[in-house]
Amino acid sequence: MPKFENAPNLNNPELNSAELEKGVNIEKKLEIELSPEESEKLKAEEQETKQQEISRLTESVEGTKAKLNEAREKLGLPSTEEELPSILSDKEKLEKIQAEQGALEKEHLIQEEKEKILQEKLDELFKEFEALNPRDFESIFKSGRTREGRNVESSSMGELDPEIAKSLAEAFKEGIKLLPKILEVLPELLKKFDEDLTKEATERVEQKLEEEKKKMEEKQKEKEEEKPEEPME
């Protein structure tokens, strides 16, 4: 994987807005130039960097609070929840990075869901190929069109570009039915259906996240209800 030594560190809080925008543009450009595997690796490394920064800031916030209360205790003062400017600054950074981390994780889930949906659509398409009579399939295999010269219409994938239909028919005939292998031959397949896939995948992911959030809230509520009541003095 190529090194990008001149790319700015986007996690540096001292970057001004112009530098940050430049860095984002570089990231977008790199995503276009990289292969899907390299792009996923780059995103994973970015997630790991952000997770490390979250851990560092969390420790910094908690450590500063502990030292403050320790100092107050030595002076005979009660502990306080009041937060120093340095703590507030770290908390703001922490919240920002956590939001970015959440966005990255959601993006990763959407990408996985897009691939899952496309695999489902391909499975349906291959069932349609299987149901065709040999002459009809042979026409698609050779020209990417029906015997009548029309573009292939799939119930799962809609109207197919002849080149894509031909390549998918070749993959089916060779027994290549899994998306990773198909993308080696047709790397543009995801991009071709990207808009529809992104919309459907986003809806699925948001629904799953909402369901998980509700489950967590219900579990928290159950824990609070299970707590024994403190005896009245």
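Derivation of every value follows stated rules applied to the coordinates shown; laboratory data play no part. Note that the structure is predicted; figures quoted are calculated from it, not measured. Glycine also receives a Cβ, built like all others from the backbone with ideal geometry; neighbour counts cover every protein chain displayed.
Tabulated data
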quantity: Net length gained if the chain between K106 and Q47 were fully extended (0.36 nm per residue, minus Cα distance); calculated: 20.1 nm
quantity: Segment E62-E211, extension gain: residue separation times 0.36 nm, minus the distance between their alpha carbons; calculated: 50.5 nm
quantity: Relative exposure of F172, F141, judged by other C-beta atoms within 10 Å (fewest first); calculated: F141, F172
quantity: Rounded, prolate or oblate (a/c below 1.5 giving rounded, otherwise prolate when a/b exceeds b/c) for the range 106-233 by Cα gyration tensor; calculated: prolate
quantity: Per-residue HN-Hα couplings for the range 194-206 [Karplus 6.51, -1.76, 1.60; θ = phi - 60°; Hz; x = Gly/Pro]; calculated: 4, 4, 5, 5, 4, 4, 5, 5, 4, 4, 5, 5, 5
quantity: Under 13 Å, Cβ to Cβ, from R147 - net charge with Lys/Arg +1 and Asp/Glu -1; calculated: +1
quantity: Alpha-carbon Debye profile of the range 94-178, log10 I(q)/I(0) at 0.22, 0.24 Å⁻¹; calculated: -0.98, -1.12
quantity: FRET E, pair K221, A99, Förster distance 30 Å, beta-carbon r, rounded to 0.05; calculated: 0.75
quantity: Cβ-Cβ FRET estimate between E130 and D196, R0 fixed at 25 Å, reported to 0.05; calculated: 0.55
quantity: Pairs from K166/K208; K114/K214; K50/K127; K114/K142; K166/K199; K41/K121 whose Cα-Cα separation, in the structure shown, is over 32 Å; calculated: K166/K208; K50/K127
